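Enquirer: Sharing a structure, written as structure tokens. Questions coming.
Each value in this text was obtained by applying a stated rule to the coordinates, not by laboratory testing. Here the structure is a predicted model, which means the values were calculated and not measured. Because the Cβ atoms are built from the backbone with ideal geometry, glycine has one as well, and the counts that use them run over all protein chains shown.
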Amino acid sequence: MRLPNWFAQHLAALRALLVFTVLLGLAYPLALVAAGRIPGLADKADGSLLTVDGRTVGSSLIGQSFTDADGNPVPRYFQSRPSASGDGYDPTATAASNLGPESVVDTLAADPEESTPSLLTQVCARSKAVGELDGVDGRRPYCTVDGVGAVLAVFRADGLTGAVTRVVSVNQVAPATPFITSYEGVPVELARPGEDYLAAGGLVTPIRGNAPADPAVPADAVTASGSGLDPHISPAYAELQVNRVARERDADPMAVRRLVEEHTSGRSLGFMGEPGVDVLELNLALDREFPAG
Amino acid sequence: MTMTTAGVLFILSLGVALVAVHKPFGDYLYRVVSGTRHSRVEQGVYRLVGVNPAAEQAWGVYARSVLAFSAVSILFLYGFMRMQNHLWLSLGFDPVVSHGAWNTAVSFVTNTNWQWYSGESTMGHLVQMAGLAVQNFVSAAVGIAVAVALVRGFARSRTGELGNFWVDLTRITLRILLPISVLGALALMIGGAVQNLSAGTEVTTLTGGTQTITGGPVASQEVIKELGTNGGGFYNANSSHPFENPTTWTNWLEIFLILLIPFSLPRVFGRMVGQVRQGYAIVAVMAVLAIASITLTNVFELAGNGTVPQAVGAALEGKEVRFDVSNSATFAASTTLTSTGAVNSFHDSYTALGGMMPLVNMMLGEVAPGGVGAGLYGLLILALITVFVAGLMVGRTPEYVGKKIGSREIKLASLYFLITPALVLIGSAAAFATGNNSTALNVGPHGLSEVLYAFTSASNNNGSAFAGITVSTPWWNTALGLCMLLGRFLPIILVLALAGSLARQQPTPASEGTLPTHRPLFVGMVVGVTVILVALTFLPALALGPLAEGL
């Protein structure tokens, strides 16, 4: 019996798909799973797991939060970068913040829990917190001293042009103090929760302020990574934390600095990527050499 | 060494490696697609499929074979996801919702790999490796096969026959994609990519929290995701995830794999039409556009303009410490210059102009160098448009590699170019008209960029995302699924029709009046035509989105 042409073609298609599913979908990946059992490769194929006293504590490739149950940093550990994965460093919910470069206006609700901070405010708040934890100046450009984005909604007489009629500091609510008292002669008001000053015609105007262009808190300390699982911090952020960790562990800062260097990976072949400090490996080494009192 | 110097060396080393492999690897590809001997394994495959490898196909039959294979693949993949809970290694996940399964089935069969879902919380290991990853191979092979069929149209004369789709599919898969994938996967595993069937290891962290270290057959899928310019990540975080892209050198390797086949295929074109220099001209067009784009993306990202990057001191949001700004920007440009769409950093948090570059790359039609196969056939059609424009200027019938470009050819080529812009602009307009743009995370120009990016990515079969938009709704999944389907197969049908009509012609000997198509002048003209076509089509939309935000 001769099959109709269109039917023969789809039958061939189905048979081809099944053949390729067996070859490429089963034989190929399972052969590689088997290859991953080779000693030397097995640790990596299993996820580079790290063990302490027979207990698995994580993976050298996956970052962790070093915070207590309330989410506060545990000072005897080097801290990781901010993370947007789940509640932080959750490998079952990897994610980036996906907030854009002009995400500068917070959505403020009466209940602070329901407010959504802009990326700028998140950066400012992190910078302030890290500055306080490590005893350095946490100020940044476009940030207020109370750690939110320094952004004004400027209302002008003719919409986009004309004299300034009203100015609101959109990310600050009472009882804060406006980060500047006046803008082009007009006194600056605080924002009221629930109000949309942009929809009302206010022009978004970020204010640079007089913070140093090269802030003391490094860039990676105030930004979330793409994976939300970044195992590394920059050598600069590690250096910032050395004194605090050494103090908490009654250790010599130079000895801690040596451990940081041991756990810093440089660029591959001298030019690929950037140096990074593996935070989990470093903290494990600290626990071994300087068990906290 | 400063970060900028290292970043420049990184790009240069990629360029040197691609130049070094162009000839040997391109010649190998040529032998694979033009040889007549069948290995024993291949003969076994043909028997199981039930096709005669010696039978040649006319363009219509070739096209119907492509469509039949893709239709069956979509149905199979859809069913696979809908009943994953009854199969092994499902990790306890529910069946994928119907609009999501439709979207994902189309997405992987069309080589797009747009992902509305998080791999780690939606897809079981069996669906990933025996469903999605299989399409990573065969959808790439389909793209290369169609490109080869078009080149046969240029190379052959007075024949209706363009080769045999099943033979092309089998050879490209077994002789090109599979061997490189095995080697690449082993290399990634040495770097630290995971390859197991674990459902996850729960651990107690140093400070007493819990964390689940995920597992899966990741390395085997990661390598073909790059090599086949697919882009669908095993995990939501894609190639920024340390288990997919663990080190700075695996990052280099992944970019190299992305660019390897697309940059080598012009050599196949040159060899098959018997004029190697024609292939060099095509690869030169690709290289000019790619170098410009990679450079600009790096410049914009390293400049770090914008309020948040200025506050931070660098455009580091959404980027990993090990890749930092420059190697992330290079990956972003490479993934969108091809049809890959894998990401090692999140484009939504790029500076306004840095984030515009991936969008522009896709709008170029992904021809520099483009997806595997799709880049070559896209650029060959641009070359036809260019000889046509040049022919209009001097009043001669245009020719390209010995074939006359008549009205039928130009009609097919023009239709090819209208499809994607129509899908992108109509789709974006529909999203705003129906209020479905409200799922975008950002508002204002950035919100428009997010919608525009989604439709550009789907219609060009790229699959990367300006991820700050919720696309797991029925409307988005259906609309983007349609864009992916039409954006893939309408051009393929037109390309094969064009191939058929070229193959029937008899060769026209070059004469005094023939425009030489291997000289720098022609390369410059193709670059110009490409850029002008895009500018005319998309500039208004870009002006309202990223340009309004960045300037």
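Enquirer: What whole number of Å gives the distance from the Cα centroid of region B:354-387 to the Cα centroid of region B:519-551?
Expert: First find each Cα centre; the distance between them is then 12 Å.
Enquirer: Find the centroid of the Cα atoms in region A:56-75 and in region A:115-163, then give the distance between the two in whole Å.
Expert: Cα centroid of region A:56-75 versus Cα centroid of region A:115-163: 28 Å apart.
Enquirer: Once Rh is set to the Kirkwood radius over Cα pairs, what Stokes-Einstein translational diffusion coefficient, in µm²/s, holds for the protein assembly as shown at a temperature of 4 °C and a viscosity of 1.567 mPa s? Intermediate results must be reported in sequence, preceding the final value.
Expert: On the way: Rh = 27.9 Å.
After rounding, the answer is 46 µm²/s.
Enquirer: In addition: If I model a spin label as a point 7 Å beyond the Cα along the Cα-Cβ vector, how far apart are those points for A:D158 and B:S511 in nm?
Expert: Taking the two extended label points, one gets 6.5 nm.
Enquirer: Right, another one. Give the share of C-alpha pairs in each 5 angstrom bin for chain A, from 0 to the last occupied bin, in whole percents, shortest bins first.
Expert: 1, 5, 8, 11, 13, 12, 10, 8, 7, 6, 5, 4, 3, 3, 2, 1, 0, 0, 0
Enquirer: Regarding chain B, what is the average projected area of its C-alpha convex hull, in nm²?
Expert: Dividing the Cα hull surface by four gives the mean projection, 25.4 nm².
Enquirer: Hey, another quick one. Region B:242-294 to region A:27-53: how many Å between their Cα centroids?
Expert: What the calculation gives is 32 Å, centre to centre.
Enquirer: Taking 8 Å as the Cα distance limit and 6 or more residues as the minimum spacing, I'd like the relative contact order of region A:168-215 as a percentage. Display every interim value, and only then the final one.
Expert: Numbers: 34 pairs, mean separation 15.8, N = 48.
Relative contact order, region A:168-215: 33 percent.
Enquirer: Next question. Output needed for region B:238-374: three equivalent-ellipsoid semi-axes, defined as square roots of 5 times the C-alpha gyration tensor eigenvalues, in descending order, whole Å. Can you show the working numbers first?
Expert: Working: eigenvalues 176, 52, 22 Å².
Over the Cα atoms of region B:238-374, the ellipsoid semi-axes are 30, 16, 10 Å.
Enquirer: Moving to a separate point now. Given points 7 Å out from each Cα along the Cα-Cβ axis, report the B:L544 to B:S472 separation in nanometres with one decimal.
Expert: Here the answer is 2.9 nm between the modelled labels.
Enquirer: If you don't mind, another one. Checking the table B:K23/B:K319; A:K44/A:K128; B:K225/B:K319; B:K23/B:K411 against a 30 Å threshold on Cα-Cα, which pairs fail?
Expert: Values: B:K23/B:K319 35 Å; A:K44/A:K128 38 Å; B:K225/B:K319 20 Å; B:K23/B:K411 34 Å.
In this structure, B:K23/B:K319; A:K44/A:K128; B:K23/B:K411 lie more than 30 Å apart at Cα.
Enquirer: What are the trypsin sites (Lys or Arg not before Pro) within region B:140-223 that DSSP puts in a loop, where the Cβ has at most 10 other Cβ atoms within 10 Å?
Expert: Details: sites: B:R152, B:R156, B:R158, B:R171, B:R175; in loops: B:R156, B:R158.
Listed in order of number, the matching sites are B:R158.
Enquirer: Sticking with this structure for a sec: Within region B:64-94, which residues have the backbone N less than 17 Å from the label spot 7 Å out from B:A55 along Cα→beta-carbon, could you tell me?
Expert: Residues passing the 17 Å test: B:64-69.
Enquirer: Another question, then. Below 8 Å between Cα atoms, with a sequence gap of 6+, how large is the relative contact order for region B:191-262 in percent?
Expert: Values: 91 pairs, mean separation 22.8, N = 72.
This gives 32 percent for region B:191-262.
Enquirer: So, one more: How high is the FRET efficiency from A:V136 to A:R288, r the C-beta distance, R0 30 Å, rounded to 0.05? Display every interim value, and only then the final one.
Expert: Details: r = 28 Å, r/R0 = 0.93.
Once rounded, the FRET efficiency stands at 0.60.
Enquirer: Continuing with this model, one more query. Can you tell me the order of A:218-230, B:492-504, B:419-431 when each peptide is scored by its average per-residue count of other Cβ atoms within 10 angstrom, highest first? It would help to have the intermediate numbers written out before the result.
Expert: Numbers: A:218-230: 29.2, B:492-504: 23.4, B:419-431: 19.7.
In descending order of packing, they fall as A:218-230, B:492-504, B:419-431.
Enquirer: Which number comes out as Rg/Rh for region A:134-293 once both Rg and the Kirkwood Rh are worked out on C-alpha atoms?
Expert: Working: Rg = 22.1 Å, Rh = 19.1 Å.
Taking Rg over the Kirkwood Rh, I get 1.15.
Enquirer: What FRET efficiency, computed as 1/(1 + (r/R0)^6) with R0 = 35 Å and r the Cβ-Cβ distance, is obtained for A:T205 and B:L536, rounded to the nearest 0.05? Mind dumping the intermediate values first?
Expert: Numbers: r = 35 Å, r/R0 = 1.00.
Rounded to the nearest 0.05, the efficiency is 0.50.
Enquirer: At most 15 other Cβ atoms within 10 Å plus a DSSP loop assignment makes a site exposed; report the longest stretch of chain A without any exposed GluC sites (Glu not before Pro). Mind dumping the intermediate values first?
Expert: Details: sites that count: A:E184, A:E195.
No qualifying site falls inside A:1-183, the longest such stretch.
Enquirer: When every alpha-carbon pair in region B:28-127 is counted, what percent end up more than 18 Å apart?
Expert: 62
Enquirer: Convert each backbone phi in region B:4-9 into a coupling constant with the Karplus relation 6.51 cos²θ - 1.76 cosθ + 1.60 (shift: θ = phi - 60°), then list the ³J(HN,Hα) values in order as whole Hz, x for Gly and Pro.
Expert: These are the phi-based 3J(HN,Hα) values: 5, 4, 4, x, 5, 4 Hz.
Enquirer: Right, here's the next one. How high is the relative contact order of chain A, in percent, counting Cα pairs under 8 Å that sit 6 or more residues apart?
Expert: Details: 469 pairs, mean separation 54.5, N = 293.
Rounded, it is 19 percent for chain A.
Enquirer: Sticking with this structure for a sec: Over the Cα atoms of region B:374-550, what is the Rg over Rh ratio if Rh follows Kirkwood?
Expert: Details: Rg = 19.1 Å, Rh = 18.0 Å.
So for region B:374-550, dividing Rg by the Kirkwood Rh gives 1.06.
Enquirer: Could you list, bin by bin from short to long, the percent of Cα-Cα pairs of region A:112-206 in 10 Å steps?
Expert: 17, 45, 29, 8, 1
Enquirer: Further question: Helix B:133-155 versus the longest principal axis of chain B: what angle, 0 to 90°, nearest 10, using Cα atoms?
Expert: With rounding to tens, the tilt is 20 degrees.
Enquirer: A follow-up question, please. Taking neighbour counts of Cβ atoms within 10 Å as a proxy for exposure, in what order, fewest first, do B:Y377, B:Y280, A:Y142 appear?
Expert: Result, fewest neighbours first: B:Y280, A:Y142, B:Y377.
Enquirer: Using only Cα atoms, what Kirkwood radius does region A:211-293 have, in angstroms? Write down the numbers at each step before the final one.
Expert: Working: mean 1/r = 0.0724 Å⁻¹.
Computed over Cα pairs of region A:211-293, the Kirkwood hydrodynamic radius comes out at 13.8 Å.
Enquirer: Right, something else. I'd like the FRET efficiency for B:S414 and B:Q275, computed as 1/(1 + (r/R0)^6) with the beta carbon distance as r and R0 of 22 Å, rounded to 0.05.
Expert: Values: r = 26 Å, r/R0 = 1.17.
Using R0 = 22 Å, I get an efficiency of 0.30.
Enquirer: Something else now. Give me the Kirkwood hydrodynamic radius of region B:165-298, using the inverse of the mean 1/r over all pairs of distinct Cα atoms, in Å to one decimal.
Expert: Numbers: mean 1/r = 0.0583 Å⁻¹.
Averaging 1/r across every pair of different Cα atoms and inverting gives 17.2 Å.
Enquirer: Highest first, please rank the peptides A:265-271, B:320-326, B:128-134 by the mean number of other Cβ atoms sitting within 10 Å of their residues.
Expert: Working: A:265-271: 15.4, B:320-326: 27.7, B:128-134: 25.7.
Going from most to least packed, we get B:320-326, B:128-134, A:265-271.
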